[in-house]
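Visitor: Let me give you the structure first, and then I'll get to my questions.
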Amino acid sequence: MKFSISREALLRPLTLVAGVVERRQTLPVLSNVLLEVQDNQLSLTGTDLEVELIGRTEPNTVDEPGSATVPARKLMDICKSLPDQSEINFSLEEGRAVLRAGRSRFTLSTLPVAEFPNIEDGQSTQELSLPRGTLKHLIDSTAFAMAQQDVRYYLNGMLLELGHHIVRTVATDGHRLAVCSRSADVDVDPVQKLIVPRKGILELARLLDNSDEPVSLTLGANHVRAHTGEFTFTSKLVDGKFPDYERVIPRGGDKAFIAERAELRQVLSRTSILSNEKYRGVRLNLEEGNLRVIANNPEQEEAEENVAIEYDGTAMEIGFNVGYLIDVLNALGESRVQMTLSDPNSSAIMEEPGGGDALYVVMPMRL
């Protein structure tokens, strides 16, 4: 195996592929990246047995095709530290990988290629294509609500629902729910519901941009695969049943107000400074034309802010975890936000005024 490649051509795919590789591994070979050179193409593969990412790039010259596995972090750190526009000469010598660039020379250990695992191809049931920007918007709008290390393992990921001309993503951690739907040129019958693990979603989002270029998805019984440009991403699916999110969305809230999104976010951020560090609760006092936001903490400190809103209903007080409200305001793209409430013990709905493609449900808290 012998080839030469420019630093820039190697660095972008390597950085993304190395992102999949976990620092602490049960199998030593999993902290390596698999390099394969043939027909003037270099492919780099990283995996943690749940998520696999393959990046492809073109070397300048290929003297000898072949494959090797080398430590992902060390290779990435070496490439980052080399000067811009460096040409890297890569060769295998006596079972070690040797990198030469200018006057620098690095020798890296390798592990047998045969030990490198690949996520086996199950039966793929369906193939479809979406604009990258659509999938990125769906993920960005809901990813913050995924659970982290919840014992209900099916919440540590995102529901991807594909149906008749519609694609929907849903995430919840039991305290809040995010749903985003977009119409798309897909027709999946019956409706497919896949739970993609948290890490898979975050890695997939890094590959997407806001363009209309297609990303093709291959759906399998226990994995999903995405092809975008030079990358092939594969993730195992979470085997579980996602909660019925339709039942969680409260209906019939009679108190709806509209506020400027940026102003409300700043008010909540300032008030949160004096909220209880553990529970992060704030009280919202809803009055005609005004929302009073109050936070206090065990040190008897208190913050109070008033923000003008469009509202002419009855007064009401309700408590929320301020972090949950700020997360929603960060995810919403519009300049204004509508919040619908019914009583102090019922969840609130946050969305664009008049409803948009995203809807957020936040549970209240007793203060």
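The values are calculated or read from the model by the stated rules, or taken from the named source; none is laboratory data. Just so it is clear, the model here is predicted, and its values are computed rather than measured. Counting neighbours? That spans all protein chains shown, and the Cβs are built from the backbone with ideal geometry, glycine included. Calculation scope for accessible area: heavy atoms of the full protein, side chains included, ligands and nucleic acids excluded. Shrake-Rupley method; radii C 1.70, N 1.55, O 1.52, S 1.80 Å.
Visitor: Could you work out how far the C-alpha centroid of the stretch 332-367 sits from that of the stretch 280-298, in angstrom?
Guide: 15
Visitor: Where does the charge balance sit around Asp48 when Lys and Arg score +1, Asp and Glu -1, over other residues with C-beta under 13 Å from its C-beta?
Guide: Here the count lands on +1.
Visitor: Subtract the Cα-Cα distance of Asp357 and Gln123 from 0.36 nm times their separation in residues, and report this length gain in nm to one decimal.
Guide: Residue separation times 0.36 nm, minus the Cα-Cα distance, leaves 81.0 nm.
Visitor: Separate question: Could you check the simple spin-label distance between Asn210 and Asn345, using points 7 Å along Cα→Cβ, in nm with one decimal?
Guide: Taking the two extended label points, one gets 4.4 nm.
Visitor: Continuing with this model, one more query. Separation between the Arg100 and Lys241 pseudo-spin-labels, each 7 Å from Cα along Cα→Cβ, expressed in nm?
Guide: 6.3
Visitor: Which value, in Å², gives the accessible area per residue of the chain when a 1.4 Å probe is used on the protein heavy atoms?
Guide: Per residue, the chain has 49 Å² of solvent-accessible surface.
Visitor: So, one more: Counting Lys +1, Arg +1, Asp -1, Glu -1, what net charge surrounds Arg336 among other residues with beta carbon under 14 Å of its beta carbon?
Guide: Around Arg336, the charge tally is -4.
Visitor: Hey, another quick one. How high is the relative contact order of the chain, in percent, counting Cα pairs under 8 Å that sit 6 or more residues apart?
Guide: Computed value for the chain: 13 percent relative contact order.
Visitor: Residue by residue, what Karplus-based ³J(HN,Hα) values in Hz, rounded to whole numbers, does the stretch 200-212 have, using 6.51, -1.76 and 1.60 with θ = phi - 60° and x for Gly and Pro?
Guide: For the stretch 200-212, the Karplus-derived couplings read x, 4, 5, 6, 4, 4, 5, 8, 9, 10, 8, 7, 8 Hz, x marking Gly and Pro.
Visitor: May I pose another question? Please identify the GluC sites (Glu not before Pro) of the stretch 230-289 that satisfy two criteria: DSSP loop assignment and at most 12 other Cβ atoms within 10 Å. Which are they?
Guide: Glu277, Glu288
Visitor: Also: With all protein chains present, how much of the accessible area of the stretch 250-365 (probe radius 1.4 Å) comes from carbon and sulfur, to the nearest whole percent?
Guide: 42
Visitor: Check cross-link reach from Lys255 to the aspartates and glutamates: straight Cα distance under 17 Å, and skip same-chain residues fewer than eight apart.
Guide: By straight Cα distance, Lys255 reaches Glu287, Glu288, Glu310, Asp312, Glu317, Asp343, Glu351, Glu352.
Visitor: I've got another one for you. In whole angstrom, how far apart do the alpha carbon centroids of the stretch 150-214 and the stretch 37-74 sit?
Guide: Rounded to whole Å, the Cα centres lie 29 Å apart.
Visitor: Take Gln300 and Glu87, extend 7 Å from each Cα along the Cα→Cβ direction, and tell me the distance between the two endpoints in nm.
Guide: Label at Gln300, label at Glu87, 7.5 nm between them.
Visitor: Figure the gain on full extension for Asp63 and Arg336 (residue separation times 0.36 nm, minus the Cα-Cα span) and round it to one decimal in nm.
Guide: 92.4 nm
Visitor: Only loop residues by DSSP count here, and only those with at most 13 other Cβ atoms within 10 Å; note down the trypsin sites (Lys or Arg not before Pro) in the stretch 259-331 that meet that.
Guide: Answer by residue number: Lys278.
Visitor: In percent, how large is the relative contact order of the stretch 124-246, given Cα pairs closer than 8 Å and 6 or more residues apart?
Guide: Relative contact order, the stretch 124-246: 31 percent.
Visitor: Let me ask you something else. For Asn60, which sequence-distant residues (separation of 5 or more, or a different chain) have an amide H within less than 5 Å of its own amide H, given hydrogens modelled in the peptide plane?
Guide: It is Ser4, Ile5, Ser6, by chain and number.
Visitor: Ser6: net charge of surrounding residues, Cβ under 13 Å, Lys/Arg +1, Asp/Glu -1, itself excluded?
Guide: Taking every other residue near Ser6 into account, the sum is -2.
Visitor: Could you compute how much accessible surface Leu207 exposes when probed at 1.4 Å, giving the result in Å² to the nearest 10?
Guide: Leu207 has an accessible surface of roughly 10 Å² with all protein chains in place.
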